[in-house]
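The values are calculated or read from the model by the stated rules, or taken from the named source; none is laboratory data. Keep in mind it's a predicted model, so treat the numbers as computed, not measured. In this analysis, Cβ positions are derived from the backbone assuming ideal geometry, glycine residues included, and neighbour counts consider all displayed protein chains.
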Amino acid sequence: MMELLTQPGAWIAFLTLTALEVALGIDNIIMVTILADSLPEDQRPLARKGGLALAMIIRIALLFAITWVMGLQAEILAVLGQSFSGQDLLMLGGGFFLLAKATHEIHLNIEGGGHEEQAKATATAGLGVVLSQIVALDVVFSLDSVITAVGMADHIEVMIAAVVVSVVIMIAMIRPISRFMKQHPAVKILALSFMLLIGVTLMAEGFGQHFPKGYVYAAFGFSLFVEMLQLKIKGKKQTAESAAA
């Protein structure tokens with residue numbers, strides 16, 4: 001273990017993997033934030049931090065169970081000439097859940113009467129239910145990142161260190177992101193639309209149609225950049241109006 005600290009290659013792999021895990025964890029942060037919002041206010045911080053902590057434990061466990069992860073790519077089912085592996089079925093299930101959850105949240109935020117429905121959802125949703133949903137989805141989100149980590153680093157110690165550091169960074173990021181989304185409903189709708197896209201790509205992956213997620217991240221990044229410009233312009237306009245008054 002100690003000799004790894006003196007190997008430049010190990011440090012390069014660690015920094016690269018950490019950056020990759022944080023980048024791939026953006027959808028995870030958004031997912032955890034949206035799911036935690038269905039809870040009472042006092043339980044949301046625990047759900048966010050607990051969800052990401054569970055994500056870290058799951059990814060480390062999957063690193064040790066990489067043989068099982070690779071085995072998920074073997075065909076286990078064929079329907080109408082279409083073969084499905086364990087990973088495909090996980091992708092389909094996760095994609096369907098994201099589509100249903102994002103559509104439901106968009107409905108609550110836009111359609112009339114959404115506040116009443118949200119109150120009912122908050123009353124019925126428990127911390128355990130939300131955490132179980134986070135765990136189930138994180139298994140889906142973790143498969144690609146775990147396989148990528150194994151391909152990029154030779155030492156499991158480096159992989160685990162990158163996962164731990166990336167989760168610590170995401171825990172530090174999630175509260176300001178959650179606050180920002182709450183202050184700007186348009187950004188939350190944009191994030192929900194991003195989750196719809198992720199759901200579609202997961203289902204496409206489940207049917208064996210590879211769709212590079214980089215396109216989805218690029219589209220989301222551009223839309224977010226435009227929204228930030230609009231917020232900046234709106235802020236300047238409000239400042240000018242206040243000064244004139």
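Can you tell me which residues in the stretch 50-66 are surrounded by fewer than 17 Cβ atoms within 10 Å (Cβ to Cβ) and assigned to a helix (DSSP H, G or I)? Result: Ala53, Ile57, Ala61, Phe64, Ile66.
Scanning the stretch 187-245 for residues that are at pLDDT below 80, exposed (fewer than 11 other Cβ atoms within 10 Å of the Cβ) and either among the polar types (S, T, N, Q) or in contact with a helix residue (DSSP H, G or I) (Cβ under 9 Å, 6 or more places away or on another chain) (or both) yields a count of 5.
All conditions in (1) surrounded by 14 or more Cβ atoms within 10 Å (Cβ to Cβ); (2) modelled with pLDDT under 80; (3) within 24 Å of Ala186 (Cα to Cα) hold for Ile106, with the sole exception of (2).
Applying the selection to the stretch 169-214, what residues are hydrophobic (A, V, I, L, M, F, W, C), in contact (Cβ under 8 Å) with a residue 12 or more places away in the chain and not in a helix (DSSP H, G or I)? Selection gives Phe207 alone.
Of all the criteria given as (1) in contact (Cβ under 8 Å) with a residue 60 or more places away in the chain; (2) of a type in the set (Gly, Ala, Ser); (3) more than 26 Å from Asn109 (Cβ to Cβ), the one not satisfied by Ala244 is (1).
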